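Encoded as structure tokens, the structure appears first; notes follow it.
The values are calculated or read from the model by the stated rules, or taken from the named source; none is laboratory data. Predicted model, so just to flag it, every value in this text is computed and none were measured. Cβ atoms come from the backbone with ideal geometry, glycine included; neighbour counts cover every protein chain shown.
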Amino acid sequence: MNEHRRILVVDDEPQITRVLRTSLSSQAYDIRVANDGETALEIMKDWTPDLVNTDFCMPNMNGLELTRRLRLISQLPILILSVRGRGTDQSAGLGTRVPPRLEMRVTTPGPAAAPISGPRTGS
């Protein structure tokens, strides 16, 4: 049996979760969506993703706290996306258990984001 790879999308912006769900589902990924870190942890009690894609700024439990809690129980890959440009403020508290971040500037001319510059590593 060919099981789909599982991705948990954690973001409180419905437009972002809709675009990610649609894009990733069309590529045969099994997607679950949570609107904050607390809900993400609840989903993970019964469903184990292969990757967590989270935003930084969310209500109840933000992406930074979610990342800290996940690192206590798992080494699964975590992709942190944020539409706000507060890079160093947000990543400063990640500590040594999370790999360095990768920044990519994007613009949203329509319903989906498009890269306007190549990735660069943050310091």
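When the test is whether a residue is of a type in the set (Val, Ile, Thr) and at pLDDT 95 or above, ILE16 does not pass it.
Looking at the structure I just gave you, is ARG32 at pLDDT 55 or above and either out of contact with any Ser or Thr (no Cβ under 9 Å at 6 or more places or on another chain) or in a loop (DSSP other than H, G, I, E, B) (or both)?
Values: at pLDDT 55 or above: yes; either out of contact with any Ser or Thr (no Cβ under 9 Å at 6 or more places or on another chain) or in a loop (DSSP other than H, G, I, E, B) (or both): yes.
Yes: the conditions hold for ARG32.
Could you tell me whether any residue of region 69-83 is modelled with pLDDT under 95, aliphatic (A, V, I, L, M) and more than 14 Å from the chain's Cα centre (by Cα)? Yes - at least one qualifying residue is present in region 69-83. Inside region 53-82, residues that are touching a strand residue (DSSP E or B) at 6+ places or on another chain (Cβ under 6 Å), surrounded by fewer than 16 Cβ atoms within 10 Å (Cβ to Cβ) and assigned to a loop (DSSP other than H, G, I, E, B) make up a count of 1.
So, in region 1-23, of the ones that are assigned to a loop (DSSP other than H, G, I, E, B) and not aliphatic (A, V, I, L, M), which residue ends up surrounded by the most Cβ atoms within 10 Å (Cβ to Cβ)? Show your work before the answer.
Going residue by residue through region 1-23, those that are assigned to a loop (DSSP other than H, G, I, E, B) are 1-5, 11-13.
This time we only want the ones that are not aliphatic (A, V, I, L, M), so: 2-5, 11-13.
Values: ASN2: 4, GLU3: 7, HIS4: 13, ARG5: 13, ASP11: 26, ASP12: 16, GLU13: 14.
Looking at the filtered set, the residue picked out is ASP11.
Pairing residues of region 31-47 that are more than 14 Å from ILE7 (Cα to Cα) and of a type in the set (D, E, K, R) with residues that are part of a strand (DSSP E or B) and modelled with pLDDT of 95 or more, at Cβ distances under 9 Å and at least 6 apart in sequence or on separate chains, gives ASP36/VAL10; GLU42/ALA34. When VAL98 is tested against the conditions (1) within 14 Å of the chain's Cα centre (by Cα); (2) modelled with pLDDT under 95; (3) in a helix (DSSP H, G or I), the lone failure is (3).
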